1. Here are some residues: LEU162, LEU196, LEU186. Which one is out of contact with any Phe, Trp or Tyr (no Cβ under 8 Å at 6 or more places or on another chain) and surrounded by 14 or more Cβ atoms within 10 Å (Cβ to Cβ)?
2. Looking only at residues that are in contact with a Leu (Cβ under 9 Å, 6 or more places away or on another chain) and outside any loop (DSSP other than H, G, I, E, B) in region 109-125, which one is farthest from LEU62 (Cα to Cα)?
3. Looking at region 110-120, is at least one residue hydroxyl-bearing (Ser, Thr, Tyr) and more than 17 Å from the chain's Cα centre (by Cα)?
4. Could you check SER132 against (1) surrounded by fewer than 16 Cβ atoms within 10 Å (Cβ to Cβ); (2) closer than 27 Å to THR85 by Cβ and say which number it fails?
5. Checking ALA42 against (1) crowded, with 17+ Cβ neighbours inside 10 Å; (2) within 14 Å of the chain's Cα centre (by Cα); (3) closer than 26 Å to ALA18 by Cα, only one condition comes out false. Which one?
6. Just one of the numbered conditions (1) closer than 26 Å to MET163 by Cα; (2) part of a helix (DSSP H, G or I) is not true of ALA37; which one?
7. Keeping to region 192-208, report how many residues are at pLDDT below 90 and within 29 Å of the chain's Cα centre (by Cα).
Amino acid sequence: MVVGRVTAQDRRQQLIDAAIRVAEREGIAATTTRRIAAEAGARLATVHYCFRSKQELLEGVLSAIITELSEAARGHVRPGHDARTLLHDGMRALWVIVEKEPGKQQLTYELTHYALRQPGMESFAQWQYETSYAACAAHLEGVAAAAGIVWSLPLPVLTRMLMTVIDGVVLGWLVDRDSLSAVAALDALTDLLATLAVQPNGAAHPNG
């Protein structure tokens, strides 16, 4: 039996997945490259070959989490639907992942605080939010294109508003696990966002 060689990209993904498991189980501070290597069944040298630093590996971890969430939301952007429907369906798809993988969501908050407290890693926290804002902006642009609307607020303002509320709702849910209240808050958010959808001529979209 011939076993194919593991590509560098596959090995990187294996190490990222291992890092997520270790970080969820033991916390960011305890997520050393040695523990990641052991979790992945790889040599320590392999970790250092695939990633130039622990920060680069953590960036891979965060990118994987953000990509999973953003792809879930974007998967519900379909032409022929109004903005309210697209926003609602995307938010519900995102929430399914939050409830299914709470450890990953907690990890994103831990990464922020860890980076802010580690000398030399301040730029990581900034990169984290810039990456999240970019993913959110891309989703809002996709919704606008599919629904044939424009946003009445500048995209950077709308993006920050949306991300700030989602951040708060998810963090609150991680504390109390009150899914009904969390979903109600997100539904209210999508209803509010839909009122900011206008037709290209400036008129309010009839269905949001």
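1. The conditions single out LEU162.
2. Step by step, filter region 109-125, then rank; the result is GLU122.
3. Yes, the conditions are met somewhere in region 110-120.
4. Status for SER132: all satisfied but (1).
5. That leaves (2) as the condition not met.
6. Answer for ALA37: the failing condition is (1).
7. 3
The values are calculated or read from the model by the stated rules, or taken from the named source; none is laboratory data. Predicted, not measured: the structure shown is a model, and the values here were computed from it. Heads up, the Cβs are rebuilt from the backbone with ideal geometry, glycines too, and the neighbour counts pull from every protein chain shown.
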